[in-house]
Amino acid sequence: MFSSLFFQLQQCINLLILVLLGYTAANIQLSIPSLIIALLFSVVWEHLLIYFSKGEITYFSFSSMITALGVVLMVVTPHLWILIVLIALGLLQKYVLTWEKKHFFNPSNFALMMGLLFFYHDAHIVLGQLGDSFWLLGLTLFLAVMILYRVERWIISLSFSLFYLALQYFLIVSSDPVLIMEDVLYRFYSVSFVVFVLFMLTDPRTTPQSGGGQLVFAFAVALCATVLDYWHGFRVQHLFMALFVLSPLAVFSAKGKALVRKKRVLVFGTILVLLALGAIIYIENQPPYYFEMD
(Lines give C-alpha, C1' and ligand atoms only; values in the text may rest on other atoms or scores of the structure.)
Protein backbone atom coordinates (compact mmCIF):
# COMPACT_ATOMS: atom_id res chain seq x y z
CA MET A 1 0.00 0.00 0.00
CA PHE A 2 2.80 2.42 0.92
CA SER A 3 4.56 1.85 -2.40
CA SER A 4 1.32 2.43 -4.32
CA LEU A 5 0.59 5.63 -2.41
CA PHE A 6 4.13 6.87 -3.05
CA PHE A 7 3.72 6.40 -6.80
CA GLN A 8 0.33 8.11 -6.66
CA LEU A 9 1.88 11.05 -4.83
CA GLN A 10 4.69 11.28 -7.36
CA GLN A 11 2.23 11.14 -10.25
CA CYS A 12 0.05 13.77 -8.60
CA ILE A 13 3.01 16.11 -8.11
CA ASN A 14 4.11 15.60 -11.72
CA LEU A 15 0.70 16.50 -13.14
CA LEU A 16 0.28 19.42 -10.75
CA ILE A 17 3.62 20.84 -11.89
CA LEU A 18 2.57 20.57 -15.53
CA VAL A 19 -0.80 22.20 -14.89
CA LEU A 20 0.72 25.11 -12.95
CA LEU A 21 3.33 25.64 -15.65
CA GLY A 22 0.52 25.52 -18.18
CA TYR A 23 -0.99 28.64 -16.61
CA THR A 24 2.22 30.62 -17.07
CA ALA A 25 3.66 29.18 -20.28
CA ALA A 26 0.78 27.60 -22.21
CA ASN A 27 -3.01 27.68 -22.63
CA ILE A 28 -4.77 26.16 -19.62
CA GLN A 29 -8.37 27.33 -20.00
CA LEU A 30 -9.72 26.64 -16.51
CA SER A 31 -9.33 29.47 -14.01
CA ILE A 32 -7.20 28.86 -10.93
CA PRO A 33 -10.15 29.26 -8.49
CA SER A 34 -12.07 26.67 -10.56
CA LEU A 35 -9.04 24.37 -10.48
CA ILE A 36 -8.93 24.58 -6.69
CA ILE A 37 -12.65 23.79 -6.49
CA ALA A 38 -12.21 20.80 -8.81
CA LEU A 39 -9.30 19.44 -6.76
CA LEU A 40 -11.11 19.89 -3.45
CA PHE A 41 -14.21 18.22 -4.83
CA SER A 42 -12.21 15.25 -6.13
CA VAL A 43 -10.59 14.69 -2.73
CA VAL A 44 -13.84 14.93 -0.77
CA TRP A 45 -15.80 12.82 -3.27
CA GLU A 46 -13.32 9.94 -3.46
CA HIS A 47 -12.88 9.75 0.28
CA LEU A 48 -16.65 9.59 0.69
CA LEU A 49 -16.65 6.70 -1.78
CA ILE A 50 -13.86 4.99 0.16
CA TYR A 51 -15.81 5.38 3.39
CA PHE A 52 -19.07 4.04 1.92
CA SER A 53 -17.33 1.07 0.29
CA LYS A 54 -15.03 0.10 3.20
CA GLY A 55 -16.68 1.64 6.25
CA GLU A 56 -13.52 3.57 7.13
CA ILE A 57 -10.80 5.77 5.65
CA THR A 58 -7.32 4.39 6.33
CA TYR A 59 -5.29 6.27 3.71
CA PHE A 60 -5.25 9.44 1.64
CA SER A 61 -6.10 8.87 -2.01
CA PHE A 62 -3.83 10.99 -4.20
CA SER A 63 -5.42 9.31 -7.20
CA SER A 64 -8.46 11.54 -6.70
CA MET A 65 -6.37 14.58 -7.61
CA ILE A 66 -4.66 12.68 -10.43
CA THR A 67 -8.09 12.12 -11.98
CA ALA A 68 -9.06 15.77 -11.60
CA LEU A 69 -5.77 17.01 -13.06
CA GLY A 70 -6.05 14.60 -15.98
CA VAL A 71 -9.52 15.91 -16.79
CA VAL A 72 -8.38 19.53 -16.47
CA LEU A 73 -5.48 18.91 -18.86
CA MET A 74 -7.60 17.32 -21.57
CA VAL A 75 -11.08 18.86 -21.31
CA VAL A 76 -12.25 22.36 -22.10
CA THR A 77 -15.75 23.38 -21.02
CA PRO A 78 -17.34 26.72 -20.17
CA HIS A 79 -19.25 25.10 -17.30
CA LEU A 80 -17.46 24.15 -14.09
CA TRP A 81 -20.37 21.91 -13.06
CA ILE A 82 -19.76 19.70 -16.13
CA LEU A 83 -16.14 19.30 -15.11
CA ILE A 84 -17.27 18.33 -11.60
CA VAL A 85 -19.75 15.77 -12.97
CA LEU A 86 -17.07 14.20 -15.17
CA ILE A 87 -14.63 13.93 -12.27
CA ALA A 88 -17.38 12.42 -10.11
CA LEU A 89 -18.20 9.79 -12.76
CA GLY A 90 -14.54 8.97 -13.34
CA LEU A 91 -14.00 8.30 -9.64
CA LEU A 92 -17.35 6.56 -9.09
CA GLN A 93 -16.67 3.87 -11.71
CA LYS A 94 -13.64 2.76 -9.67
CA TYR A 95 -16.05 1.47 -7.02
CA VAL A 96 -18.92 0.31 -9.23
CA LEU A 97 -17.34 -1.22 -12.34
CA THR A 98 -14.86 -3.53 -10.61
CA TRP A 99 -13.69 -7.13 -10.55
CA GLU A 100 -11.67 -8.50 -7.63
CA LYS A 101 -11.09 -4.94 -6.40
CA LYS A 102 -9.67 -3.85 -9.76
CA HIS A 103 -11.42 -1.26 -11.88
CA PHE A 104 -11.65 -1.57 -15.65
CA PHE A 105 -11.10 2.00 -16.84
CA ASN A 106 -8.54 4.69 -16.27
CA PRO A 107 -10.58 7.23 -14.25
CA SER A 108 -9.49 10.29 -16.24
CA ASN A 109 -10.09 8.55 -19.56
CA PHE A 110 -13.51 7.33 -18.40
CA ALA A 111 -14.38 10.90 -17.42
CA LEU A 112 -13.35 12.19 -20.86
CA MET A 113 -15.49 9.62 -22.62
CA MET A 114 -18.48 10.46 -20.44
CA GLY A 115 -17.96 14.08 -21.41
CA LEU A 116 -18.17 13.15 -25.10
CA LEU A 117 -21.14 10.87 -24.49
CA PHE A 118 -23.31 13.20 -22.41
CA PHE A 119 -21.94 16.71 -23.05
CA TYR A 120 -20.56 16.50 -26.59
CA HIS A 121 -21.37 20.10 -27.48
CA ASP A 122 -20.23 21.59 -24.16
CA ALA A 123 -17.15 19.56 -23.21
CA HIS A 124 -14.34 19.21 -25.75
CA ILE A 125 -11.17 17.13 -25.68
CA VAL A 126 -8.17 19.22 -26.73
CA LEU A 127 -4.44 18.55 -26.91
CA GLY A 128 -3.24 22.14 -27.01
CA GLN A 129 -3.59 23.31 -23.42
CA LEU A 130 0.07 22.63 -22.63
CA GLY A 131 1.34 24.13 -25.86
CA ASP A 132 4.35 22.82 -27.78
CA SER A 133 7.34 24.38 -26.02
CA PHE A 134 10.39 22.14 -26.20
CA TRP A 135 11.45 22.91 -22.63
CA LEU A 136 8.03 21.89 -21.29
CA LEU A 137 8.09 18.79 -23.47
CA GLY A 138 11.52 17.93 -22.07
CA LEU A 139 10.31 18.44 -18.51
CA THR A 140 7.33 16.17 -19.18
CA LEU A 141 9.62 13.44 -20.47
CA PHE A 142 11.90 13.81 -17.45
CA LEU A 143 9.04 13.60 -14.96
CA ALA A 144 7.54 10.61 -16.75
CA VAL A 145 10.78 8.63 -17.00
CA MET A 146 11.31 8.92 -13.24
CA ILE A 147 8.07 7.10 -12.54
CA LEU A 148 7.56 4.84 -15.58
CA TYR A 149 10.74 2.90 -14.92
CA ARG A 150 9.73 2.30 -11.29
CA VAL A 151 6.23 1.09 -12.12
CA GLU A 152 7.60 -0.95 -15.06
CA ARG A 153 5.39 0.64 -17.72
CA TRP A 154 7.97 2.33 -19.97
CA ILE A 155 7.52 -0.43 -22.57
CA ILE A 156 3.97 0.76 -23.26
CA SER A 157 4.95 4.37 -23.99
CA LEU A 158 7.94 3.47 -26.15
CA SER A 159 6.26 0.69 -28.12
CA PHE A 160 3.04 2.66 -28.58
CA SER A 161 4.96 5.57 -30.09
CA LEU A 162 6.75 3.28 -32.55
CA PHE A 163 3.63 1.29 -33.43
CA TYR A 164 1.56 4.47 -33.81
CA LEU A 165 4.06 6.11 -36.18
CA ALA A 166 4.40 2.95 -38.27
CA LEU A 167 0.65 2.31 -38.51
CA GLN A 168 -0.10 5.94 -39.28
CA TYR A 169 2.42 5.82 -42.12
CA PHE A 170 1.30 2.53 -43.68
CA LEU A 171 -2.46 2.95 -43.18
CA ILE A 172 -3.00 6.72 -43.29
CA VAL A 173 -0.15 8.61 -44.96
CA SER A 174 0.34 6.04 -47.70
CA SER A 175 -3.34 6.18 -48.63
CA ASP A 176 -3.77 9.96 -48.42
CA PRO A 177 -1.96 12.03 -51.08
CA VAL A 178 -2.49 15.22 -49.07
CA LEU A 179 -1.21 14.05 -45.67
CA ILE A 180 2.53 13.85 -45.06
CA MET A 181 4.44 12.12 -42.27
CA GLU A 182 5.44 15.46 -40.77
CA ASP A 183 1.75 16.04 -39.94
CA VAL A 184 1.77 12.89 -37.82
CA LEU A 185 5.10 13.70 -36.21
CA TYR A 186 3.79 17.15 -35.29
CA ARG A 187 1.30 15.53 -32.89
CA PHE A 188 4.24 14.48 -30.74
CA TYR A 189 5.21 18.15 -30.35
CA SER A 190 1.99 18.66 -28.41
CA VAL A 191 2.85 18.35 -24.73
CA SER A 192 -0.67 17.14 -23.95
CA PHE A 193 -0.33 14.35 -26.53
CA VAL A 194 2.88 13.27 -24.79
CA VAL A 195 1.09 13.45 -21.42
CA PHE A 196 -1.48 11.00 -22.80
CA VAL A 197 1.23 8.62 -24.00
CA LEU A 198 3.35 8.83 -20.85
CA PHE A 199 0.79 9.18 -18.05
CA MET A 200 -2.74 8.17 -19.05
CA LEU A 201 -1.84 5.26 -21.32
CA THR A 202 0.41 3.70 -18.66
CA ASP A 203 -1.98 3.43 -15.71
CA PRO A 204 -0.71 0.36 -13.77
CA ARG A 205 -4.25 -0.55 -12.66
CA THR A 206 -5.62 -0.91 -16.20
CA THR A 207 -2.61 -2.17 -18.18
CA PRO A 208 -0.87 -5.58 -18.38
CA GLN A 209 1.95 -6.39 -16.00
CA SER A 210 4.13 -8.53 -18.28
CA GLY A 211 6.39 -7.06 -20.94
CA GLY A 212 4.76 -9.12 -23.68
CA GLY A 213 1.30 -8.09 -22.55
CA GLN A 214 2.35 -4.45 -22.59
CA LEU A 215 3.61 -4.79 -26.19
CA VAL A 216 0.31 -6.32 -27.28
CA PHE A 217 -1.67 -3.67 -25.43
CA ALA A 218 0.36 -0.82 -26.95
CA PHE A 219 -0.05 -2.26 -30.44
CA ALA A 220 -3.80 -2.74 -29.96
CA VAL A 221 -4.31 0.86 -28.82
CA ALA A 222 -2.20 2.23 -31.69
CA LEU A 223 -4.02 0.04 -34.22
CA CYS A 224 -7.48 0.91 -32.91
CA ALA A 225 -6.76 4.65 -32.93
CA THR A 226 -5.26 4.47 -36.43
CA VAL A 227 -8.19 2.47 -37.84
CA LEU A 228 -10.58 5.08 -36.44
CA ASP A 229 -8.47 7.77 -38.11
CA TYR A 230 -8.65 5.81 -41.38
CA TRP A 231 -12.44 5.56 -41.24
CA HIS A 232 -13.32 8.99 -39.92
CA GLY A 233 -10.25 11.19 -40.37
CA PHE A 234 -7.97 12.24 -37.54
CA ARG A 235 -9.84 13.25 -34.40
CA VAL A 236 -8.24 13.79 -31.02
CA GLN A 237 -10.88 11.62 -29.39
CA HIS A 238 -9.74 8.47 -31.22
CA LEU A 239 -6.77 8.00 -28.89
CA PHE A 240 -9.03 8.08 -25.85
CA MET A 241 -11.63 5.87 -27.51
CA ALA A 242 -9.03 3.20 -28.22
CA LEU A 243 -7.88 3.21 -24.60
CA PHE A 244 -11.49 3.21 -23.39
CA VAL A 245 -12.53 0.06 -25.23
CA LEU A 246 -9.27 -1.88 -24.71
CA SER A 247 -8.70 -1.24 -20.99
CA PRO A 248 -11.39 -3.74 -19.86
CA LEU A 249 -9.87 -6.39 -22.13
CA ALA A 250 -6.44 -5.77 -20.59
CA VAL A 251 -7.85 -6.18 -17.08
CA PHE A 252 -9.61 -9.43 -17.95
CA SER A 253 -6.62 -10.87 -19.81
CA ALA A 254 -4.49 -10.48 -16.69
CA LYS A 255 -6.27 -13.49 -15.17
CA GLY A 256 -7.65 -15.30 -18.17
CA LYS A 257 -7.51 -18.79 -16.67
CA ALA A 258 -9.50 -17.75 -13.63
CA LEU A 259 -12.15 -16.23 -15.86
CA VAL A 260 -12.83 -19.50 -17.64
CA ARG A 261 -14.40 -20.77 -14.42
CA LYS A 262 -16.42 -17.61 -13.86
CA LYS A 263 -18.98 -17.35 -16.61
CA ARG A 264 -20.84 -14.52 -14.92
CA VAL A 265 -17.71 -12.40 -14.96
CA LEU A 266 -17.20 -13.18 -18.64
CA VAL A 267 -20.76 -12.13 -19.37
CA PHE A 268 -20.28 -8.92 -17.41
CA GLY A 269 -17.03 -8.19 -19.23
CA THR A 270 -18.61 -8.82 -22.62
CA ILE A 271 -21.49 -6.49 -21.82
CA LEU A 272 -19.03 -3.86 -20.60
CA VAL A 273 -17.00 -3.96 -23.82
CA LEU A 274 -20.16 -3.88 -25.96
CA LEU A 275 -21.41 -0.84 -24.05
CA ALA A 276 -18.03 0.84 -24.58
CA LEU A 277 -18.25 0.10 -28.31
CA GLY A 278 -21.80 1.45 -28.38
CA ALA A 279 -20.63 4.69 -26.75
CA ILE A 280 -17.84 5.01 -29.32
CA ILE A 281 -20.21 4.44 -32.24
CA TYR A 282 -22.61 7.05 -30.88
CA ILE A 283 -19.84 9.62 -30.42
CA GLU A 284 -18.36 8.95 -33.86
CA ASN A 285 -21.73 9.71 -35.43
CA GLN A 286 -21.65 13.21 -33.96
CA PRO A 287 -20.32 16.01 -36.20
CA PRO A 288 -16.63 16.81 -35.65
CA TYR A 289 -15.81 20.05 -33.81
CA TYR A 290 -12.93 22.45 -34.21
CA PHE A 291 -11.49 24.16 -31.18
CA GLU A 292 -9.14 27.12 -31.53
CA MET A 293 -6.69 28.10 -28.79
CA ASP A 294 -6.33 31.85 -28.25
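Observations on the model:
- Shape of the chain, Cα gyration tensor, a/c cut at 1.5: rounded
- Rounded, prolate or oblate (a/c below 1.5 giving rounded, otherwise prolate when a/b exceeds b/c) for the range 1-87 by Cα gyration tensor: oblate
- Note on the chain: Lys pairs 8 or more places apart or on different chains, Cα atoms under 17 Å apart, count 10.
- Working ranking of peptides 19-27, 57-65 by packing, defined as the average number of other Cβ atoms within 10 Å per residue, highest first, is 57-65, 19-27.
- Helix-derived mean residue ellipticity, 222 nm - over the chain, DSSP H n ≥ 4, -39500 (n - 2.57), to 500: -21500 deg cm²/dmol
- Alpha-carbon centroid distance for the pair the range 207-221 / the range 1-45, whole angstrom: 27
- Within the accessible area of the range 105-174 (1.4 Å probe), percent carbon and sulfur: 73
- Shape of the range 1-148, Cα gyration tensor, a/c cut at 1.5: oblate
- Annotation: for a label point projected 7 angstrom from Cα along Cα→Cβ of THR24, residues of the range 122-139 with backbone N closer than 13 Å are 136.
The values are calculated or read from the model by the stated rules, or taken from the named source; none is laboratory data. Because the structure is a prediction, the values reported are computed rather than measured. Neighbour counts run over all protein chains shown; Cβ positions are idealised from the backbone, glycine included. Accessible surface areas use protein heavy atoms only, side chains included; no ligands, DNA or RNA. Shrake-Rupley method; radii C 1.70, N 1.55, O 1.52, S 1.80 Å.
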